[in-house]
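First the structure, in the form of C-alpha cells, and then the observations on it.
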Amino acid sequence: MRIVLLGAPGSGKGTQAKKLVTDKHIPHISTGDMLRAAIAEGTRFGQLAKPIVEAGDLVPDDVMLGIISERLTQPDAADGFVLDGFPRTVQQSRDLDDLLDQLGTPLNAAILMDLDFDILIKRLTGRRTCSTTGKLLNIHFSAQSELDACTESGGTLVQREDDNETVIANRLAVYRKQTEPLIAFYAKRHLLTSIDAGGSVDEVYGRLLAAVS
Ligand code: AMP
C-alpha cells in the first residue's frame with residue numbers, strides 16, 4: 001500500500017497515519033517529523049530548515065526531493081508507506097511521480113482529509129504534546145481528565161513552535177496557495193478520495209480504512 005495523505009495542517013494526517021501504519025506494518029513517512037528531528041539534532045540541514053519551519057514557510061522543493069528520495073529507497077519502504085506532509089507543492093508531486101516511476105512502484109491512492117476551516121484553527125491553536133508521555137492532546141477538545149493526567153504526572157503541555165497564531169495563519173495561507181492544487185492533480189490521475197476528517201479519531205479512522213480498502 002503506497003498512500004499520500006493530503007489535507008491542511010490540523011486535519012489529523014499525523015494521527016491517522018500513525019494508526020494506519022500500525023495496522024498495515026508499513027512506515028509512516030512524515031517530512032514534518034523528519035525536519036523537526038533534524039532541527040532538534042542541530043544538523044547542517046536542520047539549521048537551514050529551522051527558520052523556514054518556524055515561519056510556517058516551505059523548505060525548497062529540491063531539498064525535499066533529496067530527503068524523500070533517500071527515505072523512499074530504504075528497504076523498509078519497499079512494501080509500502082504512508083506519506084504525511086509530502087508532497088506539498090505541484091512540483092513535489094511531479095518529483096514523487098518520477099521517483100516512484102523509476103522505482104516501479106506507483107502510488108495507490110491520495111486521501112484528502114477534509115475539514116472545516118474553523119475546526120482546523122481550533123485543532124492547531126489548541127494542540128499540545130504531553131512532555132512526559134508524548135501523548136497528543138488538545139486544550140479545546142481533550143477531556144479535562146486527560147489534560148490533568150499529564151500535569152499531575154509531572155509533565156507539561158508543550159506547544160509546537162509553529163502552532164502560534166501568526167505562524168498558523170501563514171501555514172494555512174501556504175496550504176491554500178501551494179498545496180491545494182494537488183487535489184486537482186491527483187483527481188486528474190484518478191487517485192483521489194476525499195474523506196470527512198471531522199469527528200472522533202476512531203470515526204475518521206473508519207472512513208480512512210474504507211477509503212484505502
Ligand atoms: P508538518 O508537521 O507536516 O505540518 O510540517 C511542519 C513544517 O515542516 C511545515 O510547515 C514546513 O515548514 C516543513 N515541511 C514539512 N513537509 C514539507 C514539504 N513537503 N515541503 C516543504 N516544507 C515542508
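Within region 81-106, being buried (at least 18 other Cβ atoms within 10 Å of the Cβ) and within 19 Å of PRO181 (Cβ to Cβ) holds for LEU83, ASP84, GLY85, PHE86, PRO87, ARG88, THR89, GLN92, SER93, ASP95, LEU96. The single condition among (1) closer than 30 Å to SER213 by Cβ; (2) crowded, with 19+ Cβ neighbours inside 10 Å; (3) within 14 Å of the ligand (Cβ to nearest atom) that ALA38 does not meet is (1). Note on region 25-35: residues that are buried (at least 16 other Cβ atoms within 10 Å of the Cβ) and more than 10 Å from the ligand (Cβ to nearest atom) amount to 4.
Taking first residues from region 82-100 that are more than 13 Å from SER69 (Cα to Cα) and among the acidic types (Asp, Glu) and partners that are part of a strand (DSSP E or B) and within 9 Å of the ligand (Cβ to nearest atom), the Cβ contacts under 8 Å between residues at least 6 apart in sequence or on separate chains come to ASP84/SER30. Of the residues screened, ASP61 is one that is surrounded by 15 or more Cβ atoms within 10 Å (Cβ to Cβ), within 11 Å of the ligand (Cβ to nearest atom) and of a type in the set (Asp, Glu). Just one residue in the set GLU146, GLU70, GLU152, GLU161 is of a type in the set (Asp, Glu), within 16 Å of the ligand (Cβ to nearest atom) and without any contact (Cβ under 8 Å) to a residue 40 or more places away in the chain; that residue is GLU70. Taking the criterion of being of a type outside the set (A, V, I, L, M, F, W, C) and at negative phi, the residues of region 93-113 that qualify are SER93, ARG94, ASP95, ASP97, ASP98, ASP101, GLN102, THR105, PRO106, ASN108. Quick one: in region 123-142, of everything that is more than 18 Å from TYR205 (Cβ to Cβ) and in contact (Cβ under 8 Å) with a residue 40 or more places away in the chain, which residue is surrounded by the fewest Cβ atoms within 10 Å (Cβ to Cβ)? Within region 123-142, the match that is surrounded by the fewest Cβ atoms within 10 Å (Cβ to Cβ) is THR125. Residue-level check: of (1) within 19 Å of VAL212 (Cβ to Cβ); (2) at pLDDT below 95, HIS28 misses just (2).
The values are calculated or read from the model by the stated rules, or taken from the named source; none is laboratory data. Given the structure is predicted, the values throughout are model-derived calculations rather than measurements. As a convention, Cβ positions derive from the backbone with ideal geometry for all residues, glycine included, and neighbour counts pool all protein chains shown.
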